[in-house]
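Only one structure is covered here, and it is reproduced in the block below.
The values are calculated or read from the model by the stated rules, or taken from the named source; none is laboratory data. Bear in mind that the values here come from a model prediction, so they are computed numbers and not experimental data. A quick note on method: Cβ atoms are made from the backbone with ideal geometry, for glycine too, and the neighbour counts reach across all protein chains shown.
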Amino acid sequence: MSGPGFENLKALIVEDNAHMRSLLRALLNSIGIKDIAEASHGQMAIELLRERKSDLVLTDLAMKPMDGLEFTRYVRNNDQSPNPFVPIIMISGHTERYRVEAARDAGVTEFLAKPITAQNLFARIAEIVERPRAFVRCDGYFGPDRRRQQRDDYSGPWRRKDDFEIKEAR
Amino acid sequence: MRKSGKPKVQLIAPDSYPQMLSKPRAARALHTLRAPETAAKAQMAMEEAMPAMRAAILQYVEEMERAAGDMTRLFDAAHEIRGFAETAGMVTTGRIAEVLCRYMDDMTRFGRPLDATIVALHVAAIARAARAEDDNVRTGQAVAAELAALVAKRLSEAE
């Protein structure tokens with residue numbers, strides 16, 4: 001088995017800090033991703049997505065005028081979105097629980113807390129490659145399945161069609 | 001249990017939408033991600049980026065000092081420092097900035113006024129840590145721990 005495997009991928013980095021963009025670009029280069037576009041906020045990223053296909057998006061959370069949450073919601077939900085299924089890794093120093101939950105509810109695929117390490121970034125990319133998640137469409141949400149595990153002790157409401165099958169099988 | 005009609009929740013399996021990589025490519029990509037030579041290349045990339053990042057952190061420190069009473073400007077600079085100081089190897093600087101951001105963020109969320117002394121103490125500590133030749137000195141870590149304890153106390157009072 002020989003690499004790299006990523007050579008034809010197109011990535012998009014959405015980050016307002018030029019140093020972070022440069023670092024992320026270098027890290028993606030090190031796994032063989034060479035075709036990388038950069039945007040400094042969500043609105044610019046949307047324009048780039050329309051102009052050019054992207055297979056992977058890395059986005060910051062806090063940016064102006066459009067932040068990473070609004071950008072993610074656009075990608076997942078807007079009729080004009082070129083690829084609602086594109087994997088989105090949100091990278092942020094804002095790691096408070098309510099912000100991570102907001103990112104999840106916007107439809108991000110993975111959340112990576114700053115400070116960035118190559119190991120952590122690669123682990124998130126490996127997760128996307130190795131265990132792609134089902135997508136869920138329901139009232140008020142479209143995006144990757146927010147339940148990562150089937151928990152035996154799950155005590156929340158049973159709402160999905162396949163939940164009933166699982167429940168009845170027990 | 002739902003008796004009739006369309007399910008309100010639609011699950012779209014990974015095989016039913018376009019994946020980032022085909023299966024053969026995915027196997028090669030995983031190999032690449034886990035290869036020691038990839039880790040070495042990435043480490044080199046990080047090291048090459050560090051001098052510019054450290055210089056940028058010092059600029060943000062100056063920005064924070066110049067911000068004086070402008071808390072929005074000060075928070076923005078502290079947030080940038082929190083974002084990549086640790087990546088640039090300035091661990092103590094990053095941790096103190098993290099505490100300051102958490103304090104400012106939570107107090108604002110609770111609708112409570114910021115204590116200017118607490119903010120000024122953090123700004124001074126961040127500046128000292130960032131300018132120290134050895135960022136990881138024991139003194140800096142002790143200051144970071146004391147400031148974190150102070151902020152935790154004030155936040156618990158504010159809740």
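Some observations on this one:
- Residue match in segment A:66-84 (condition: in a strand (DSSP E or B), within 24 Å of A:Lys10 (Cβ to Cβ) and either within 14 Å of chain B (Cβ to nearest Cβ) or touching a Ser or Thr at 6+ places or on another chain (Cβ under 9 Å) (or both)): no
- The single condition from (1) in contact with a helix residue (DSSP H, G or I) (Cβ under 9 Å, 6 or more places away or on another chain); (2) over 25 Å from A:Ala113 (Cβ atoms); (3) modelled with pLDDT of 90 or more; (4) not polar (S, T, N, Q) that B:Ala68 fails is (3).
- Among helices (runs of 4 or more DSSP H) entirely within segment B:1-87, having at least 3 residues that are farther than 30 Å from A:Phe135 by Cα and at the interface with chain A (Cβ under 9 Å from one of its Cβ atoms) singles out B:36-67, B:71-84.
- Taken together, the residues in segment A:85-94 that are more than 9 Å from chain B (Cβ to nearest Cβ) and more than 21 Å from A:His41 (Cβ to Cβ) amount to 0.
Here's the yes/no breakdown for (1) within 13 Å of chain B (Cβ to nearest Cβ); (2) in contact (Cβ under 8 Å) with a residue 12 or more places away in the chain; (3) surrounded by 23 or more Cβ atoms within 10 Å (Cβ to Cβ); (4) in a helix (DSSP H, G or I):
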residue: A:Ile13; (1), (2), (3), (4): no, yes, yes, no
residue: A:Asp16; (1), (2), (3), (4): yes, yes, no, no
residue: A:Ser22; (1), (2), (3), (4): yes, no, no, yes
residue: A:Arg25; (1), (2), (3), (4): yes, yes, no, yes
residue: A:Leu28; (1), (2), (3), (4): yes, yes, yes, yes
residue: A:Gly32; (1), (2), (3), (4): yes, yes, no, no
residue: A:Gln43; (1), (2), (3), (4): no, yes, no, yes
residue: A:Leu48; (1), (2), (3), (4): no, yes, no, yes
residue: A:Lys53; (1), (2), (3), (4): yes, yes, no, no
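- Checked against the criterion of being among the charged types (D, E, K, R), assigned to a helix (DSSP H, G or I), out of contact with any Cys (no Cβ under 8 Å at 6 or more places or on another chain) and more than 15 Å from B:Tyr60 (Cα to Cα), the candidates B:Arg128, B:Arg154 yield just one match: B:Arg154.
- Selection from segment A:128-139 of residues that are surrounded by fewer than 20 Cβ atoms within 10 Å (Cβ to Cβ) and either touching a Pro at 6+ places or on another chain (Cβ under 8 Å) or closer than 15 Å to B:Thr32 by Cβ (or both): A:Glu130, A:Arg133, A:Ala134, A:Val136
- Restricting segment A:135-160 to residues that are in contact with a helix residue (DSSP H, G or I) (Cβ under 6 Å, 6 or more places away or on another chain) and modelled with pLDDT of 55 or more, the residue that is farthest from A:Ile89 (Cα to Cα): A:Phe142
- Any hit, segment B:96-104, residues being among the hydroxyl-bearing types (Ser, Thr, Tyr), within 14 Å of chain A (Cβ to nearest Cβ) and closer than 20 Å to A:Met20 by Cα: no
- Residue match in segment A:81-92 (condition: under 28 Å from B:Ala55 (Cβ atoms), free of Cβ contacts under 8 Å to residues at least 40 places away in the same chain and over 11 Å from the mean Cα position of the chain (by Cα)): yes
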